Every structure is written in C-alpha cells, then in structure tokens.
Amino acid sequence: AAPQGPPVYVDLAYLPGSWSACTVDEEFFRRIRSLCYVVSGDDHLKEGVLRPLLDALLAGKHQWGVDIQVTLIPTFDSLVMHEWYQETHERQQELGITVLGSNSTVAMQDETFPACKVEF
C-alpha cells in the first residue's frame, strides 16, 4: 500500500493502457486529481479492464469533497465505454464529470484522424 499523503493536482493525466490499467483503482483517482483524464489504448486488452477503471473514477471522484469539473477524454470508440456512459450518466453529472465525444477530424499530409481540442 502506498503511504498516505495529500492529493496531487494536475491539469492532464494519461491513464495507463493495456494491463497496466489494472493498477488504476479508486485510490489512484482519490490521490491523482486531474482536470482531464485521457483514456487511450484501443486494443482488446483495454476492453477487459476499462469498466473497472471507469467505475474507479466515479468512486474516487466521489471522495474529493470539492466541486471540480473533470473531463474524461477517450481516444477510441468502445462498446464498454458507451455502456458505462449510458448506465452512469446521472452519476457523472452529479460528480461533475464530462465525457468528450468527438466527431471532429484532422487532416495532416496524407492521413486523417479523429481529434479534439482541449484548452486550459
């Protein structure tokens, strides 16, 4: 177990992908408080650990005790993410969590890809 200490506040935090995502639990979100969390890693391994990670965000954010708006930025489309969003939308609103979904596309040289802009 990690030693107790004050939470760390950051503007942007990337959440681990693949099996490292298993290390992100309620305690992580209680201690690492970010304005934006980026969930990346569009692979079959991420699907298996995505729901517990998203539920941990809700549980950890509940313990903050302060009203800070949080933005969750998924970088891939996922059935698990869609189901979680629908099932917990009311709870997300209560906790001040916004999930970005973007249909925007950026074209650079010979490729195009989905993107969103985050400003601080």
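Using a 1.4 angstrom probe and counting only protein chains, how large is the accessible area of ILE68 in Å², to 10?
Accessible area, nearest 10 Å²: 40 Å².
When the chain is fully extended, how far beyond the present Cα-Cα distance does GLN69 get from THR112, taking 0.36 nm per residue of separation?
Numbers: separation 43, 0.36 × 43 = 15.48 nm, distance 3.05 nm.
Full extension from GLN69 to THR112 adds 12.4 nm.
Which residues among segment 73-104 fall inside the zone where the amide N is under 18 Å from a point 7 Å beyond the Cα of ARG51, along Cα→Cβ?
Counting only backbone N, you get 77-92.
Nearest 10 degrees, 0 to 90: what angle lies between the long axis of helix 79-95 and the longest principal axis of the chain (Cα atoms)?
It is inclined by approximately 50 degrees.
I'm a student and want to see the number: the projected area of the Cα convex hull of the chain, averaged over all directions, in nm². Let's see the in-between values first.
Details: hull surface 33.7 nm².
Mean projected area for the chain: 8.4 nm², to one decimal.
Expressed as a whole percentage, what fraction of the accessible surface of the chain belongs to carbon and sulfur atoms when a 1.4 Å probe is rolled over the protein heavy atoms?
Working: 3970 of 7440 Å².
That fraction is 53 percent.
For the chain, modelled as a GNM with alpha-carbon contacts under 10 angstrom, which of GLU26, GLU90, GLU47 fluctuates the most?
Of GLU26, GLU90, GLU47, the Gaussian network model singles out GLU90 as fluctuating most.
Counting Lys and Arg as +1 and Asp and Glu as -1, each charge on the Cβ, what is the dipole of the chain about the Cα centre in debye, to the nearest 20?
Values: 8 positive and 17 negative charges, 82 e Å.
Using Cβ point charges on Lys, Arg, Asp and Glu, the chain gives about 400 debye.
Which parts of segment 45-64 would a label at GLU87 reach, counting a residue when its backbone N lies under 16 Å from a point 7 Å out along Cα-to-Cβ?
47-59
The values are calculated or read from the model by the stated rules, or taken from the named source; none is laboratory data. Note that the coordinates shown come from a computational prediction; the quantities given were computed from them, not determined experimentally. Note that each Cβ is placed from the backbone with ideal geometry, even for glycine, and that neighbours are counted across all protein chains shown. Surface areas here come from the heavy atoms of the whole protein model, side chains and all, with no ligands, DNA or RNA. Shrake-Rupley method; radii C 1.70, N 1.55, O 1.52, S 1.80 Å.
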